[in-house]
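Heads up, the thing below is written out as structure tokens.
The values are calculated or read from the model by the stated rules, or taken from the named source; none is laboratory data. All figures in this text were calculated on a predicted structure; none of them were measured in a lab. FYI the Cβ positions are ideal-geometry reconstructions off the backbone, even for glycines, and counts take in every protein chain you see. In case anyone asks, the SASA skips ligands and DNA or RNA and just uses the protein heavy atoms, side chains included. Shrake-Rupley method; radii C 1.70, N 1.55, O 1.52, S 1.80 Å.
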Amino acid sequence: MSERPEQRKDPVDAIIGQWATVRPDLDTTAMEVFGRINRLSHALGERVGQAYAKFGISRGEFDVLATLRRSGEPFTLSPRQLSATLMLTTGGMTGRLDKLERAGLLRRSPDPHDRRGLQVTLTDEGLALVDEAVGAGLAVQTEALSALGAERAGQLAGLLRDLLAGTDRP
């Protein structure tokens, strides 16, 4: 990638420089992009996790609550739907549901349409908590994006959408 003179160096630049020394034949553009995406994901994931911890939940537990919240009224899904949305095994989901139910943030009840099934529903306390937590997580992410400004942040969102769409091809 072309470097602009005003850009600060970051750890990825050091890695790219090392590769340029030992393998100048390589085009490391992809490494620059994905190296930075990985580092951003890790750094922001930790910060967002800290924001959720203030509410007594982990990032994974937030994901369960947020999935129920986004489903709309009555904020109810089956454990299978939750597992599929979050790409979790049923065992992993059960552990999260157990903890969140003990905390009073959701409840499990029999599915009235399938006597073998269960429904998972946000409680009023869970709804209030996830609404506060999503704001706290977004504040962390918004602060990080403020380094770009609104226009460049929008451009980046579009570029990343295009990149993600390109990776979904078989």
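To the nearest 0.05, what FRET efficiency results for S109 and K54 with a Förster distance of 22 Å applied to their C-beta separation? Let's see the in-between values first.
Working: r = 29 Å, r/R0 = 1.33.
After rounding, the FRET efficiency stands at 0.15.
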So, with points 7 Å from each Cα along the Cβ direction, the T90-A30 label distance in nm works out to 3.8 nm
Across L159, L148, L40, the residue with the highest GNM fluctuation in the chain (Cα network, 10 Å cutoff) is L159
Rounded to whole Å², per residue accessible area for segment 16-170 with a 1.4 Å probe reads 66 Å²
In segment 7-74 the accessible area split gives carbon plus sulfur, as whole percent at 1.4 Å, a share of 56 percent
Full extension between L138 and I15 adds, at 0.36 nm per residue less the Cα distance, a length in nm of 41.2 nm
Heavy-atom accessible area of segment 111-170 with neighbours in place, 1.4 angstrom probe: carbon+sulfur share in percent works out to 56 percent
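Write down the Å³ per residue value for the convex hull defined by the alpha carbon atoms of segment 87-170. Don't skip to the end; give the middle numbers.
Numbers: hull volume 14.6 nm³, N = 84.
For segment 87-170, the hull spanned by Cα atoms encloses 174 Å³ per residue.
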GNM of the chain, Cα pairs under 10 angstrom: of R102, R59, R115, the biggest fluctuation goes to R115
The local net charge around S41, scoring Lys/Arg +1 and Asp/Glu -1 for residues other than S41 whose Cβ lies under 13 Å from its Cβ, equals +3
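Using the membrane-span-like helix rule (whole DSSP H runs, Cα extent along the own axis of at least 20 Å, mean Kyte-Doolittle hydropathy at least 1.0), which helices of the chain qualify? Mind showing how you got there, number by number?
Working: long enough: 29-53 (36 Å, -0.09); 124-145 (32 Å, 0.63); 150-167 (26 Å, 0.27).
Helix filter hits for the chain: none.
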Both in Å, the radius of gyration and Dmax of the C-alpha trace of the chain are 20.7, 66
The set of residues whose placed amide H lies less than 5 Å from the amide H of L118, leaving out same-chain residues fewer than 5 positions away, is D111
Scoring the chain by relative contact order with C-alpha pairs under 8 Å, at least six apart, yields a percentage of 19 percent
